[in-house]
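Asker: One structure, pasted below without further comment.
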2 protein chains.
Amino acid sequence: MTTSKAACVGRPRGFDIDLALEQALNVFWRNGYEGTSLNELTEAMGIKKPSLYAAFGNKEQLFFKAIDLYENRPDSLFNIAFQHEHVADVIRGLLLGAATQFTDCSHPQGCALINSTLSCSEASESIKQTVLARKAKHKQRLVDRFTQAKTSGELQADCEPEVLASLMTTLFQGFSMQASEGASVDELQQVAAMAAEGILTVCVKR
Amino acid sequence: MTTSKAACVGRPRGFDIDLALEQALNVFWRNGYEGTSLNELTEAMGIKKPSLYAAFGNKEQLFFKAIDLYENRPDSLFNIAFQHEHVADVIRGLLLGAATQFTDCSHPQGCALINSTLSCSEASESIKQTVLARKAKHKQRLVDRFTQAKTSGELQADCEPEVLASLMTTLFQGFSMQASEGASVDELQQVAAMAAEGILTVCVKR
DNA sequence: TGTATTTTGTACCGATGGGTATTAAATTAT
DNA sequence: ATAATTTAATACCCATCGGTACAAAATACA
């Protein structure tokens, strides 16, 4: 699928490339891009450096592939929440979903995309720009959905879709940081509930 | 004041130590702790490494002194907002103040404290813990203020001070990230206004 | 005029960063 | 078997990291 080179000649690869990519994602998710060293990566992936470079190119390309894997997961926050018909349920789903997923112990805490941008000095500028572009794309999905809600009369007249979308991403980023710093599910869910109540009261007709 | 060693014997120091500390703060503010190298620091401070180590100890201690400088500024967000009598004005002041200060072009974008935690791998664990402790102290100030407001009857009965404080810090962290990523004053102020309206509607008696 | 004391600049230290050259090992095709 | 091809492991490359040894320079005191 992601890597479908049927190299049927030569010595066969001694590791599962998709599994290795998942391990790499976990490390980047936990430590960000610059906070992750090749030694950490190779150890987590169970391979040596030359194998990593042969299979994935370099650290940067490995990161991009890992982020692709992250964003294409079917149980993504956006994919689930956007299934709701009413914008009120979308907003509730996004906030509660973020609080829940970001603190899920079955994987690193917080959002992999958000966590990755954090530790980017001027060195890895391309990483920064790419991640920012992806985040902007997600924000645009919010703007589009809220604009549609405004058109269909679900939102208050004085509620601007762009501002509402910005508020949502602000909360996501805050949730991601708090989760990474050890906040509990309960704490974030309570915050999400309060935020949702405030937003729905102010922005959504009921 | 901060460094009042009257070393009146020996070769006099060739640079202003307080000014140098301000420059160091600016660099940490922009790049975080691990994202800042000694070369960047010495260049910004206009001194060489041995001078830095003689004056400030090491990178870690320099960071702590820079953060002290940051937190003790009289025009701090909290110090200003907490002067208001009514909790509604405190909340409005904190949110609008954060949006405004975090995007102020006269210094690096975002909150120095929040930005510093971001790029902390397991390496600099002491930095992480110290910054987390300081952030927790600030959050406690919020909890105390909101608890007082609850007692004095300014808050709704179902509004928990801890949750409200968490929501505020969530927004601060989100604002800091967005500001660091280039969000404009206007954008953040609009978001802050919407957030304030929602919070006041849901949490504060009017 | 020393002498003690402190700062400054240069040049360096070991450790770690991302990345690679090279050779041995394992497989398919001839 | 043997050649061609691909992966694996070791050992290395250079740049940068935080930090420091050392000697020259600049001051106060005797």
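The values are calculated or read from the model by the stated rules, or taken from the named source; none is laboratory data. Note that the coordinates shown come from a computational prediction; the quantities given were computed from them, not determined experimentally. Using ideal geometry, Cβ is built from the backbone for each residue, glycine included, and neighbour counts are taken over all protein chains shown. For the accessible areas, the whole protein counts, side chains as well, though only heavy atoms, and no ligand, DNA or RNA atoms are used. Shrake-Rupley method; radii C 1.70, N 1.55, O 1.52, S 1.80 Å.
Asker: Name the pairs: first residue in the range B:35-57 and small (G, A, S), second residue open to solvent by 50 Å² or more (accessible area, probe 1.4 Å) and more than 6 Å from DNA strand D (Cβ to nearest atom), Cβ to Cβ under 6 Å, at least 6 apart or on different chains?
Answerer: B:A44/B:Q23
Asker: Further question: How many residues, within the range A:21-51, are near DNA strand C (Cβ under 9 Å from one of its atoms) and hydrophobic (A, V, I, L, M, F, W, C)?
Answerer: 2
Asker: Still on this model: Give me the pairs, please: first residue somewhere in the range A:8-32 and within 12 Å of DNA strand D (Cβ to nearest atom), second residue anywhere and open to solvent by less than 90 Å² (accessible area, probe 1.4 Å), beta-carbon distance under 6 Å, and either six or more positions apart or on two chains.
Answerer: If the second residue must be open to solvent by less than 90 Å² (accessible area, probe 1.4 Å), the pairs left are A:F15/A:I47; A:I17/A:T3; A:I17/A:A55; A:A20/A:M45.
Asker: Residues that are within 23 Å of B:Q190 (Cα to Cα) and aliphatic (A, V, I, L, M): find the helices (runs of 4 or more DSSP H) completely inside the range A:60-161 holding 2 or more of those. Please lay out each step first, then the result.
Answerer: Numbers: elements: A:77-81, A:87-102, A:112-118, A:125-151.
Fully inside the range A:60-161 and qualifying: A:87-102, A:125-151.
Asker: Which condition number in (1) assigned by TED's automatic domain parsing to the domain that holds B:A66; (2) at pLDDT 95 or above is the one that B:E34 fails?
Answerer: (2)
Asker: Which residue is surrounded by the most Cβ atoms within 10 Å (Cβ to Cβ), if the candidates are limited to the range B:52-86 and must be within 15 Å of DNA strand C (Cβ to nearest atom) and among the small types (G, A, S)?
Answerer: Selected residue: B:A55.
Asker: Quick check on A:S180: is it surrounded by fewer than 24 Cβ atoms within 10 Å (Cβ to Cβ), under 30 Å from A:G32 (Cα atoms), in contact (Cβ under 8 Å) with a residue 40 or more places away in the chain and at the interface with another protein chain (Cβ under 10 Å from one of its Cβ atoms)?
Answerer: On the way: surrounded by fewer than 24 Cβ atoms within 10 Å (Cβ to Cβ): yes; under 30 Å from A:G32 (Cα atoms): yes; in contact (Cβ under 8 Å) with a residue 40 or more places away in the chain: yes; at the interface with another protein chain (Cβ under 10 Å from one of its Cβ atoms): yes.
For A:S180, the condition - surrounded by fewer than 24 Cβ atoms within 10 Å (Cβ to Cβ), under 30 Å from A:G32 (Cα atoms), in contact (Cβ under 8 Å) with a residue 40 or more places away in the chain and at the interface with another protein chain (Cβ under 10 Å from one of its Cβ atoms) - is met.
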